[in-house]
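Input: a single structure, listed below in structure tokens.
The values are calculated or read from the model by the stated rules, or taken from the named source; none is laboratory data. On a predicted model such as this, the values are computed, not experimentally measured, just so you know. Glycine also receives a Cβ, built like all others from the backbone with ideal geometry; neighbour counts cover every protein chain displayed. Remember, those area values only see protein heavy atoms, side chains included, never the ligands or the DNA or RNA. Shrake-Rupley method; radii C 1.70, N 1.55, O 1.52, S 1.80 Å.
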Amino acid sequence: MDKLQAMQLFVRVVDSGSFTAAADQMDISRALASKLVQTLEESLGVRLLNRTTRRLSLTDPGRNYYQRVGEVLTQLAEAEAEAAELQVEPRGKLRVTAPMSFAVRHLAAAVAQFQKRYPFIELDLNLNDRQVDLVDEGYDLAIRIAQLADSRLVARRIAPCHFVAAASPGYLAAHGEPAHPSELADHECLIYTLLPRNSEWCFARDGEEASVRVKGRLGVNNGDFLLNAAAEDLGIVISPTFIAAEEIRSGRLRCLLPDWKIAPSAIHAVYPQVRSLPRKTRLLIDFLVERFAPEPYWDRDLR
């Protein structure tokens, strides 16, 4: 007995509810189909199907066997498809959405290198600080700096995302430098409006936590705009280091409250749940992890 053929036939019999239909699908006789399933049952020592003149039904062992064999056959089909795919150059279109500042500052150069490595993969990038709905809007992948809340999505961590409080030397000369987070309440603070509870800034030091309500005359939904405003002496900003690192190294901005830490986040590649992730999507995710993890270049020697 060809056991793989018998397993495939058994699944098709259950799916179609008929030996005749399953036999037609596999281009064999109904008699051979019946014999194959009977031989499979004999080899297992259990009855898989209850047979009457009117209908077929699964036995309890048959129901469990059907589920497990279905999974095995699906994995086998996916492995065969993947093996065939590996023989050809990866190709196809990927729709990707990413936050504006991270994309312009870091993703653009990464994408250039990716397309040199995989010239037949097309990328359609949407740069938007709004959190788009990947499933409803038809995206293959999103780069997100946030917690994953949608159960329809899967996330893979690309890199850590650290934050700093910073201000320009000019602002600090005019208004003084805060020595404790609570003093931020008396300063002009620049607000990133896309965050929930964006006017509550939280810090921690050696087990001590400090949460302060800040205020300011400028609220913006883009991190680069806020950073430039801080460099122009308009106030204090909390910024991810992937935006602020260059300005800090140049001296246009100074890190504040160095003994206090702001809870880090992470940069994730996020994609809809699928049985088998397309190769082109997996290649892009692997490339980004290779480029940015575990310690992104913008954080090196920053503090």
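Of all residues in region 18-30, those that are without any contact (Cβ under 8 Å) to a residue 24 or more places away in the chain and crowded, with 17+ Cβ neighbours inside 10 Å have Cβ atoms under 9 Å from Cβ atoms of residues that are of a type outside the set (K, R) and outside any helix (DSSP H, G or I), 6 or more apart or on another chain, in A22/I28; A23/S29.
Here D129 meets each of (1) charged (D, E, K, R); (2) surrounded by 11 or more Cβ atoms within 10 Å (Cβ to Cβ); (3) not in a loop (DSSP other than H, G, I, E, B) with one exception, condition (3). The condition (being open to solvent by 70 Å² or more (accessible area, probe 1.4 Å), closer than 15 Å to Y271 by Cβ, in contact (Cβ under 8 Å) with a residue 40 or more places away in the chain and not β-branched (V, I, T)) is satisfied by just one residue among R156, R144: R156. When G176 is tested against (1) on the phi > 0 side of the Ramachandran plot; (2) within 23 Å of the chain's Cα centre (by Cα); (3) small (G, A, S), only condition (2) is not met.
Condition check ((1) in a helix (DSSP H, G or I); (2) in contact with a Pro (Cβ under 7 Å, 6 or more places away or on another chain); (3) surrounded by fewer than 16 Cβ atoms within 10 Å (Cβ to Cβ)) across all residues:
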site	(1), (2), (3)
S34	yes, no, no
T53	no, no, yes
G70	yes, no, yes
A103	yes, no, no
A109	yes, no, yes
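Within region 163-191, the set of residues being assigned to a helix (DSSP H, G or I) and either closer than 16 Å to A210 by Cα or touching a strand residue (DSSP E or B) at 6+ places or on another chain (Cβ under 8 Å) (or both) comprises P169, Y171, L172, H175, P181, S182, E183, L184, A185, D186.
On inspection, G62 fails the criterion of being surrounded by fewer than 18 Cβ atoms within 10 Å (Cβ to Cβ) and of a type in the set (G, A, S). Residue count for region 190-228 under the criterion of being within 25 Å of A98 (Cβ to Cβ) and acidic (D, E): the result is 1. Of all residue pairs spaced 6 or more apart or on separate chains, those with beta-carbon atoms under 6 Å, a first member in region 74-101 that is part of a strand (DSSP E or B) and a second member that is at pLDDT 80 or above and open to solvent by 80 Å² or more (accessible area, probe 1.4 Å) are K93/E122.
Output yes when any residue across region 272-279 is in contact (Cβ under 8 Å) with a residue 60 or more places away in the chain and closer than 16 Å to A165 by Cα, and no when none is. No, region 272-279 contains no residue that is in contact (Cβ under 8 Å) with a residue 60 or more places away in the chain and closer than 16 Å to A165 by Cα. Going by what's in this entry, would L218 be described as modelled with pLDDT under 95 and more than 18 Å from W260 (Cβ to Cβ)? It is false that L218 is modelled with pLDDT under 95 and more than 18 Å from W260 (Cβ to Cβ).
Within region 98-113, being of a type in the set (A, V, I, L, M) and touching an Asp or Glu at 6+ places or on another chain (Cβ under 6 Å) holds for one residue alone: M100.
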